Structures are given as C-alpha cells and as structure tokens.
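To start, the structure under review is shown below, and the notes come after it.
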Amino acid sequence: MPGLKGPSDYLQEPPRHPSLKINAKQPFNAEPPRSALIASYVTPVDFFYKRNHGPIPVVDDIERYSVLIRGLIDNPRELFMRDIKMLPKYNVTATLQCAGNRRTAMSKVKTVKGVGWDVSAIGNGVWGGAKLADVLELVGISKLTSTTKSGGKHVEFVSIDKCKEENGGPYKASIPLSRATNPDADVVIAYEMNGEPLNRDHGYPLRVVVPGVIGARSVKWLDCINIIAEESQGFFMQKDYKMFPPSVNWDNINWSTSRPQMDFPVQSAICSLEDVTAIKPGKVKVSGYAASGGGRGIDRVDVSVDGGKTWVEASRYQKPGAQYISDDMNSDKWAWVLFDVTVDAPQSTEIVVKAVDSAANIQPENVQEIWNLRGILNTSWHRVQVRVGHSNM
C-alpha cells in the first residue's frame, strides 16, 4: 500500500478521550459513557465508539495513497484521493452500530464470545465523501447494476489493516453490487466525519460507510475494491457476524447454514440512567436512542415504569425543535432518533424501553429468545433498575 508506514508505527495509538470505557486494549475497542450519546443528535468524534480487529494503520503519504478497483470488470483502475474528491460530494447522516452492541447483557444469560460491549457501541455521524455508485461508474459499472458483464455480483472492500483472524491478512467484507450501485442506498466512500477529515480511529484516509447495515460491513482504511461473483470469503463474512438460534453451540455450529448479517434489527436503549441508579422519589426523565436498519424509521418508542406491565409513549426527535415523522422526506432515514419522556417513580422499580420501526418490527421481550453464541444483535427490551430512597441522595 503506497503511503503506508511500517509495522512499528502501528503501535503509536492516537489520542482519545479519557472518559471512554476501554473494553479491549489490543486491538483497541472502546465505547463512551451512555450519557454522552444523548447529549447531541450527531455523535462527536471523541465519543464515537472505536471498533478494531487489528492494529490501527498509519498512512503518512496521502499523495501516494490510492485505492485499486479490480476484479470482474473490463477496466480496472487505481484511484487517488484527488480522483475521489473530484466526484460530487455527499453528506450522509447515518448511524453505525457494532453487531455486538449490548453483548454484555446477553452474556449474563449464558457466556458468549466477543468484546463486552454495553449499550454504547453505536453512534450517529455525518459522513462526507463520494457515493460508491459514482465511484463504480469510473470503471464502467452503471448505476442500478446487479451483475457486471463478467459476472460480478458483489463488491468486496479490503482494508489496509492486519487481523489475526485472517492469519495476518487484511480485514474484508462485501455487499451486493445491487446495493453498491443504487444511489438511494447512499453507500459512501467517506473522507470526512462530522465535517472534518477522518481520523485514524475512524478510517483515515478513506473508509466505506454502508448505512442501515451492521458496522462490520463499513470497512475502514480502504485499500482496494474487488468486484467478485460470490460474497467475500473473508473470515468476518463467513465465520463471524452471523445469527444462529440458541440451540447452536461451538460443537455443532455449521457456519455455512447462515447468511452474513446485513441490516441491523430495531434497537433502543436508555442512556439517562445506568443499569442501577439511585434517585429521589418523584419525576424521572428517561432518555435514550432508537434505531432500525435498512432505512426503516422509528414509529414509536414505549417506556414502562413497572417492568413492562403498562407503557407510555416517549417523544421522538432528530434535529432539535423539528418534529420527527418516520419515513418523512425531511427525516434522516439512516439515522437514529433520540427519545425522552418524564415518568413518575415513587418507588424502586424496573424501567423498560422498546421501539417499533416503520415496518412494525418490534424488539423481543427477553434476551433468552435471541441468545446466540457470538452475542450479536441483542435487541431485547432494554431494562434498568432505579432505587428510590429518601436519604443519602
């Protein structure tokens, strides 16, 4: 990779906010305090979760840095940053979520394998760059193409980084060509995040952002784009990030029986309260986020102060002062909504949240129903405990 520094430079970790909860040091994985997520609709870069599968690369010579597009196409091409930046620039507001978000709660039912994420392996960013559909036109692939003349049906993104799961090779993932060439899918080759150049943690100089899809497909530190006939055969496509029923364990698993996960299901979490919070009796504000994959909006967020027996509907919003309407053209279809509601909590209780998306999908009540050995897609009702007391408040 032109412009890439040597292995020793990988050890130079970028600066990070001290409030981040570090879930793993090598490779570095960290999430912000949950309260930081509801402080703003767009998540500041410092408080955006950091998810890595290997050491963080350093690209020091941006003039030499390039991305090669090759595979089942007639005109392979090497693209430099100047080529990408000559294309129309789009800003796409999209929520990225690690498939392992809320894994810690799932592991309390039965042990799972993976980084122990709380509720903050999610964030909402404004991603600036060129649409992948425009980039692919540079190599002769027209918009809304599902198969190239040579039989290409998938677009594989290959990173610069090195992963032990790939035996020291690069991280890779793919999406269908039909999604990649659809301008309305808003897949972006991004060089900016929240109006600033990407930093190292988030994929400098270029990353892919695939809105509405689990974060594992939004490959950082882009090296090359391959047009291929089948799904990527990379480890994280074929032997990870797949959903299995609770009956599957490490002794009987057959990875080939499940498709690579793409869209993330409807999800919500309370961020104004910790798992256990001491409060005074009376009113309590319940705030958090809700999101669904595939561009589906959030039609309703329900909050219960009695463990799920009765419910009240929370207010939903994206931009402050603007009414949120699911699937409205003025709403950001790839982005989360924030919610809040004030409820009475006269005594110690369990507060619960669940969301309903625009396709009427609803979160499952119990984590036991969706337990899986990798601990992904924990979208069960999010529950917190409040302890009401009159002293030591």
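The values are calculated or read from the model by the stated rules, or taken from the named source; none is laboratory data. Quick caveat, the model's predicted, so the values are computed rather than measured. No Cβ is skipped: glycine too gets one built from the backbone with ideal geometry, and neighbour counts run over all protein chains shown. The protein model used for the area step is the full one, side chains on, heavy atoms only, and it has no ligands, DNA or RNA in it. Shrake-Rupley method; radii C 1.70, N 1.55, O 1.52, S 1.80 Å.
The slack in the chain from D344 to V276, taken as 0.36 nm per residue of separation less the alpha-carbon distance, amounts to 22.8 nm. The charge dipole of the stretch 307-351, taken about its Cα centre with unit charges on the Cβ atoms of Lys, Arg (+1), Asp and Glu (-1) only, comes to about 60 debye.
Roughly what % antiparallel, to the nearest 5, for the DSSP beta bridges in the chain? Close to 90 percent. Here the translational diffusion coefficient of the stretch 260-377 follows from Stokes-Einstein with Rh set to the Kirkwood radius across Cα pairs; for 25 °C and 0.890 mPa s it amounts to 161 µm²/s. The aspartates and glutamates whose alpha-carbon is closer than 18 Å to the alpha-carbon of K280, local same-chain residues fewer than 8 away aside, are D306, D344, E350.
On full extension of the chain, what length is gained from A359 through D328, given 0.36 nm per residue of separation minus the C-alpha to C-alpha distance?
Extending this stretch completely gives an extra 9.8 nm.
Among the protein heavy atoms of the chain, carbon and sulfur supply 49% of the accessible surface, probe 1.4 Å, non-protein parts ignored.
Taking max minus min of the alpha-carbon positions on each principal axis, the stretch 10-57 gives extents of 32, 18, 17 Å, largest first. Only Lys, Arg, Asp and Glu carry charge here, each on its Cβ (+1 for the first two, -1 for the last two); on that basis the chain has a dipole of about 500 debye about its Cα centre.
Dividing the C-alpha radius of gyration of the chain by 2.2 N^0.38 Å, with N its residue count, gives 1.00. Ignoring solvent entirely, what values of log10 I(q)/I(0) come out of the Debye formula for the stretch 271-312 at 0.20 Å⁻¹ when each Cα is a single scatterer? Ignoring solvent entirely, the Cα scatterers give -0.83.
Annotation: extensible slack from S19 through D184 equals 55.7 nm (criterion: 0.36 nm per residue apart, minus Cα-Cα distance). In the chain, helical runs assigned H by DSSP with n ≥ 4 each contribute -39500 (n - 2.57); averaged across all residues and rounded to the nearest 500, the mean residue ellipticity at 222 nm is -1500 deg cm²/dmol.
Protein-only accessible surface at a 1.4 angstrom probe places the residues D306, D357, D83 in the order D306, D83, D357, largest first.
Pairs exceeding 21 Å between alpha-carbon atoms, taken from K162/K239; K85/K143; K108/K283; K50/K354: K108/K283; K50/K354.
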